[in-house]
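*Asks:* My questions will all concern the structure given below.
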Amino acid sequence: MVPQQTGSRKRKAPAESSSSQGSAADAEGPLLPKKQKRPATRRSLVHYLKDREVGALGGAWLSGSKGELPGYAVQKLPELLRERELALGTLNKVFASQWLNARQVVCGTKCNTLFVVDVHSGQITRIPLMRDRGPWLARAQPSCGIHAIELSPSKTLLATGGENPNSLAVYQLPTLDPVCLGDRHGHKDWIFTIAWMSDTVVVSGSRDGTVALWQMDPDMFNGSISWQNDAGLPVYTHIRPRDMETIPRSSTSPTNHKVRALAFSGKNQELGAVSLDGYFHLWKARSTLYRLLSIRLPYCRDNVCLTYCEELSLYAVGSQSHVSFLDPRQGHQNIRPLCSRDGGMGVRSLSFYQYIITVGTGHGSLLFYDIRAQKFLEERASGSPDSCPGPSGRKLKLTCGRGWLNHDDLWVNYFGRIDDFPNALYTHCYNWPEMKLFVAGGPLPSGLHGNYAGLWS
């Protein structure tokens, strides 16, 4: 159908807000000594990608035992990425994602579906959600969904939401067997965000304005045989939080202290949190939570995502049109905020790798910012991958595909059957050893039903 503009006035629909945060990576790899440089046989990132396709090791580009990429490769990779869309059927809005291995990504959606997608074959496998032991105190609204998925540091456990989105569900990896469900004396509203402190301690933040610290007994997941009941169904433990803290209410917006995003600093053993009333909170996080400070953010609208860079001891907060940088140990900020300049659609997802921050916007685009140079990565002036021209002056922007949109009554009545609607990029996650980027989301207005997923490689 050709998109049509109707003559009737379009009513404005509310926007969806969700996010996914990326974890900070290791420090930049060592530079090669000058005597090892060979200009006559200079290797570009394109050569490395071609070698990888035919099975070469590409050791010149991977440094360190963790397979970390040198800074030059990290800067050059984004402009070489190309998109391949993945079909997700009629699932509604992907809010969270994490790589499980080189070909599988686990995702959570607004329609409360937890699934694994094979990025090679496109096959989708749904994962059963854990149920609360007793009836829910308040039935969750159908528009809530799974907002967070996080893997433990050793990649042996996965934490996300349960069938009741107020509960914390923990699965064992790689089998995805259920381990435990935090449904006792926990959150009274939806879980928006999750952060692991260690392989046995995880923290969740909720719309009810609380932060809960959960500790798991290693005996629950160290056994090689999963528990089952008489019907052969998996059995899991029901747990309660070890500690629970309520964030302070602001005088300007006392009812909007929802915890929207968390980020943990392993080096400082501190937990950062962002609330929708426009504040950043910091806790000392060990066996319990001790609040250190609360700071008013410079941009207070739609603060929905947060990430942390270990190398710089720096938090980055995404808002409606800016990314703000915070170093809680300094009284003033030396790094100016960056403006996404994307039509006021908001920053919806953030991740750090070395000194590059990736920004997923509400307008279907990916931006890349160099925190050291304090500027966006730019397009090349020349189309040749091996050339070294000066900067073009044009900001590098990757625009994602159309995805799938349900042509229902709301789409007809509110949006005049406009078919070319940008997708908000609620989540993205890198597989750096494979040099791949998974991106997903859906239409920004809360009432629209649709999805987008793409593999950039």
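The values are calculated or read from the model by the stated rules, or taken from the named source; none is laboratory data. From a predicted model like this one, the values you see are computed outputs, not experimental measurements. Every residue, glycine as well, gets a Cβ built from its backbone with ideal geometry; the counts of neighbours run over all protein chains shown. Note: accessible area is taken over every heavy atom of the protein model, side chains too, but ligands, DNA and RNA are not part of it. Shrake-Rupley method; radii C 1.70, N 1.55, O 1.52, S 1.80 Å.
*Asks:* Counting only residues 5 or more places away or on other chains, whose amide H sits under 5 Å from the amide H of residue 149 once H atoms are built in the peptide plane?
*Replies:* 97
*Asks:* Shifting gears a bit: What do you get for Rg/Rh over the stretch 282-342 if you use C-alpha atoms and the Kirkwood form of Rh? Spell out each step's value before the answer.
*Replies:* Working: Rg = 12.6 Å, Rh = 12.7 Å.
Result: Rg/Rh = 0.99.
*Asks:* So, one more: Between residue 155 and residue 269, what is the FRET efficiency for a Förster distance of 22 Å, r being their Cβ-Cβ separation, to the nearest 0.05? Write out the running numbers ahead of the final one.
*Replies:* Values: r = 21 Å, r/R0 = 0.95.
Approximately 0.60, to the nearest 0.05.
*Asks:* Please give the peptides 210-218, 276-284 ranked by average Cβ packing (other Cβ atoms within 10 Å per residue), highest first, as a rough proxy for protection. Walk me through the intermediate numbers first.
*Replies:* Numbers: 210-218: 19.1, 276-284: 21.1.
In descending order of packing, they fall as 276-284, 210-218.
*Asks:* Quick one: Karplus J couplings for the stretch 320-327, per residue in order, coefficients 6.51, -1.76, 1.60, θ = phi - 60°, nearest Hz, x for Gly and Pro?
*Replies:* Running phi through 6.51 cos²θ - 1.76 cosθ + 1.60 with θ = phi - 60° gives 4, 9, 9, 10, 9, 10, 10, 10 Hz.
*Asks:* Using heavy-atom solvent-accessible surface (probe 1.4 Å) with all chains present, what is the largest-first order of 99, 404?
*Replies:* Numbers: 99 25, 404 80 Å².
Result, largest first: 404, 99.
*Asks:* For the stretch 299-312, what does the Karplus curve 6.51 cos²θ - 1.76 cosθ + 1.60, with θ = phi - 60°, yield as ³J(HN,Hα) per residue in whole Hz, taken in order and with x for Gly and Pro?
*Replies:* 10, 10, 9, 6, 7, 10, 9, 8, 9, 9, 10, 5, 4, 9
*Asks:* While we're on this one: With 26 Å as the limit, write out which pairs from 188/436; 110/188; 284/375 have Cα-Cα distances beyond it, or answer none. All intermediate terms of the calculation are to be shown ahead of the outcome.
*Replies:* Values: 188/436 37 Å; 110/188 19 Å; 284/375 32 Å.
188/436; 284/375, as the Cα separations exceed 26 Å there.
*Asks:* Can you tell me the FRET efficiency between residue 103 and residue 238 if r is taken as the Cβ-Cβ distance and R0 is 30 Å, rounded to the nearest 0.05?
*Replies:* Working: r = 33 Å, r/R0 = 1.11.
Efficiency computed from Cβ-Cβ geometry: 0.35.
*Asks:* Check residue 363: other-chain or 5+ apart residues with amide H under 5 Å from its amide H, H built from backbone geometry?
*Replies:* Amide H neighbours of residue 363, under 5 Å, 5+ apart: 425.
*Asks:* What is the calculated FRET efficiency for residue 330 to residue 399, with r their C-beta to C-beta distance and R₀ = 41 Å, to the nearest 0.05?
*Replies:* Values: r = 36 Å, r/R0 = 0.88.
Efficiency, rounded to the nearest 0.05: 0.70.
*Asks:* While we're looking at this one, here's another question. Order 363-374, 301-312, 76-87 from most to least packed using the mean count of other Cβ atoms within 10 Å.
*Replies:* Values: 363-374: 18.5, 301-312: 22.6, 76-87: 16.0.
With the highest mean Cβ count within 10 Å placed first, the list reads 301-312, 363-374, 76-87.
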